[in-house]
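Worksheet for the structure shown next.
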Amino acid sequence: MFARTLLLRTASKALPPRATRPTPPPRARAASTRAFHNAMSSKQLIDATAAFVGAWGAGPGSEAKLRELLSPGVLFEPDGVVFRQELKGADSVVAAMQRQHGRLAHRRYDAVAVASNPEERTAFAAVAWEYSDNNGEQGQPSRGMSLKQLVFDDEGRICATRVVRQMTQEEKKDLLSDPSACHAADLWAEVLPRLEGGGSSAPAGGDEAAQHDKMMNALKTWDGAWGSDGCDASGLQAVCSPNLRVLDGYGLHGSGTSYGLKEAQEMVSSLRKKSESATSIVHLAVNPAARVGFSRWEANAAGKGDPGLGADALVKLGGLDLALFDQEGRIELLVQFTMKQYPQLAIQ
């Protein structure tokens with residue numbers, strides 16, 4: 001995913017050597033489907049997701065609504081970058097919302113893109129936010145985007161959630177050893193205008209079901225290409241626009257805020273030479289009418305004798321991505337939040 005060759009090099013050095021090289025997990029795959037006793041439609045999933053975002057953004061006073069949406073045993077999974085603590089139970093999640101509003105005044109908090117996958121009972125949202133810090137009168141305003149994934153139980157309540165988010169100005173000071181090392185893409189300038197109708201308002205051409213399958217295949221191919229048994233680098237040309245741009249949501253990968261198709265192909269080729277890896281696609285969802293999609297992925301890799309990659313170490317990464325498609329159903333813009341222990345983080 002985002003500069004994975006660089007990520008592997010950084011992460012593996014911290015892992016202890018193993019006696020034998022681990023066997024990578026099976027090839028890239030979509031998450032398995034299963035039958036649910038009470039099926040949720042795409043609209044129901046999207047409506048529930050919009051309600052969750054709305055209740056969270058409304059803050060204190062919306063606790064009752066938030067509790068209605070949450071399973072009593074809901075699990076909040078941290079990204080390890082902005083959010084570092086796992087939360088269990090509706091009380092813990094509601095308390096986290098209250099703490100966030102106590103620390104940050106929410107000037108804007110809107111879902112600007114949504115997609116769902118009824119077979120997996122999951123939905124995603126891209127949220128545009130603008131905060132000002134409540135600590136003192138001189139708190140700096142910040143704006144950015146977050147991606148949310150919600151998984152629903154058989155009762156239609158949220159049983160698991162994960163959020164990745166760009167840092168506020170104050171968080172950069174608190175979370176990073178050097179705040180100037182963060183070079184996050186300006187998603188309000190690069191992505192928000194398109195999501196709000198400036199560039200992705202026209203749906204992809206052709207039958208919606210066919211476009212749905214085409215967009216899902218594009219995400220699967222992109223994610224799978226970063227694994228040793230996915231398509232080779234040339235295969236990305238079929239599912240990516242020639243004008244592809246990949247943006248770094250966190251801004252911590254260390255080699256610029258974005259890259260294009262040529263650079264992506266070079267990274268895939270380099271990764272194949274230096275490591276054995278496999279990408280597991282945990283969840284996918286697309287919205288053909290809005291030409292957007294989301295991917296939740298995990299990856300394991302082991303170096304091929306390169307000391308810099310740690311030949312005997314197993315490296316684990318994860319990520320949550322937002323894709324914007326062109327009218328041919330190809331990936332044109334990709335926002336990546338790659339979850340790992342970045343060296344810039346003050347707390348390791």
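The values are calculated or read from the model by the stated rules, or taken from the named source; none is laboratory data. Everything quoted here is computed from the prediction, not taken from an experiment. Cβ placement follows ideal geometry from the backbone for every residue including glycine, while neighbour counts extend to all protein chains displayed.
Could you tell me whether any residue of the stretch 199-218 is of a type in the set (Asp, Glu), in the same structural domain as PHE52 (by TED's automatic domain parsing) and modelled with pLDDT of 95 or more?
The answer is no; no qualifying residue exists.
Which one is surrounded by the fewest Cβ atoms within 10 Å (Cβ to Cβ) among residues in the stretch 20-45 that are at pLDDT 50 or above and of a type in the set (A, V, I, L, M, F, W, C)?
ALA39
Looking at the stretch 46-65, can you tell me whether even one residue there is surrounded by 12 or more Cβ atoms within 10 Å (Cβ to Cβ) and modelled with pLDDT under 95?
At the first step, the residues of the stretch 46-65 found to be surrounded by 12 or more Cβ atoms within 10 Å (Cβ to Cβ) are 46-59, 62-63, 65.
Now narrow it down to the ones that are modelled with pLDDT under 95: none.
Checked the stretch 46-65: no residue is surrounded by 12 or more Cβ atoms within 10 Å (Cβ to Cβ) and modelled with pLDDT under 95.
Has the stretch 91-107 got any residue that is buried (at least 21 other Cβ atoms within 10 Å of the Cβ) and assigned to a strand (DSSP E or B)?
yes
Which residue pairs have Cβ atoms closer than 9 Å, lie 6 or more positions apart in sequence or on different chains, and pair a first residue in the stretch 166-182 that is buried (at least 20 other Cβ atoms within 10 Å of the Cβ) with a second residue that is among the acidic types (Asp, Glu) and in a helix (DSSP H, G or I)?
MET167/ASP174
Given the conditions (1) crowded, with 22+ Cβ neighbours inside 10 Å; (2) in contact with a helix residue (DSSP H, G or I) (Cβ under 9 Å, 6 or more places away or on another chain), and given that SER142 satisfies all but one, which numbered condition is not satisfied?
(1)
Conditions first: (1) part of a helix (DSSP H, G or I); (2) surrounded by fewer than 19 Cβ atoms within 10 Å (Cβ to Cβ). ASP154 passes all but one, so which condition is the exception?
(1)
Checking the structure you have, find out if any residue of the stretch 76-87 is of a type in the set (Lys, Arg), assigned to a helix (DSSP H, G or I), exposed (fewer than 15 other Cβ atoms within 10 Å of the Cβ) and modelled with pLDDT of 85 or more.
Filtering the stretch 76-87 down to residues of a type in the set (Lys, Arg) leaves 84.
Keeping just the survivors that are assigned to a helix (DSSP H, G or I) gives none.
No, the conditions are met nowhere in the stretch 76-87.
Consider ALA48 carefully, then state whether it is assigned to a helix (DSSP H, G or I) and in contact (Cβ under 8 Å) with a residue 40 or more places away in the chain.
Considered against the rule, which asks whether it is assigned to a helix (DSSP H, G or I) and in contact (Cβ under 8 Å) with a residue 40 or more places away in the chain, ALA48 comes out as yes.
Which members of the stretch 206-249 meet the condition of being in contact with a helix residue (DSSP H, G or I) (Cβ under 7 Å, 6 or more places away or on another chain), part of a helix (DSSP H, G or I) and either of a type in the set (D, E, K, R) or more than 13 Å from LEU261 (Cα to Cα) (or both)?
Within the stretch 206-249, just THR221 meets the criteria.
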